[in-house]
Amino acid sequence: MKKVSLLLAVSICATLIGCGKTENADAGAATAVSVEAIESVTESVSVPETDTASTSFTEALADEGTYWMSGYLRASDKDSAGEPDESGGLQAIIYEAYIEDDILTVKGVTNFRNDKAQDPVGMNDGDEAAFIITDQTVFQMVGGEDGPEDVTKEEFAQYLKDCADSGLLLDIQVIGAQVVVAQICA
């Protein structure tokens, strides 16, 4: 990872489009979502479960809602995921993230937001979510002086392993069940 510094901790937030508990077996999206609404949300989103061998993403793929989700890569801090920090804010902690074939799996508690610059609109306390990687998915390492660095899927998968307990931010833009952009941010 080139020139990763702690300049971009600004991207801690992600989007939740929809509130409450959602179950959608047709989309393979059985997800328990508890949300503390910070501002109103205009669309609903299904987050697919990670059993990709038997899961159909058909309905999730048809959902064109765009959102961002993020959390800090802290593998050794699983018990703190979703717990209040010193200032009372709930901690968005991803204790496991990996790429297998064309699926990005994230385990932990994540924030959600409608666009990259927005403050969090909610938090997913579900344990696991999986997203489809396409040929158009962009993988980036963000931080340092030179701006985002595009990397390959394989390089990004290795960075996820190497940074598993780094405290760096994993920030993902999703449309339906597909990853548009995946970033590890310093």
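The values are calculated or read from the model by the stated rules, or taken from the named source; none is laboratory data. Predicted, not measured: the structure shown is a model, and the values here were computed from it. Virtual Cβ from ideal backbone geometry, glycine too; neighbours counted across all protein chains shown. Remember, those area values only see protein heavy atoms, side chains included, never the ligands or the DNA or RNA. Shrake-Rupley method; radii C 1.70, N 1.55, O 1.52, S 1.80 Å.
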May I ask you to give the percent of accessible area on region 120-186 that is carbon plus sulfur, with a probe radius of 1.4 Å?
45
For 70, 80, 166, 87, write out the residues from largest to smallest accessible area, computed with a 1.4 angstrom probe and no ligands counted.
87, 166, 80, 70
Taking amide hydrogens as modeled 1.01 Å from N in the peptide plane, which residues meet the under 5 Å criterion relative to residue 165, leaving out close sequence neighbours?
75
Fully extended contour minus Cα-Cα distance, from residue 78 to residue 118, at 0.36 nm per residue:
11.8 nm
Expected unfolding gain across residue 152-residue 180 under the 0.36 nm per residue rule, minus the alpha-carbon gap, is 8.7 nm
For the residue 134, residue 96 Cβ pair and Förster radius 30 Å, calculated FRET efficiency rounded to 0.05 is 0.85
Quick one: which residues, 5 or more positions from residue 65 or on another chain, have an amide H under 5 Å from its amide H? H modelled 1.01 Å from N in the peptide plane, none for Pro or chain starts.
176
If you count only protein heavy atoms with a 1.4 Å probe, what accessible area per residue comes out for region 76-167, rounded to a whole Å²?
50
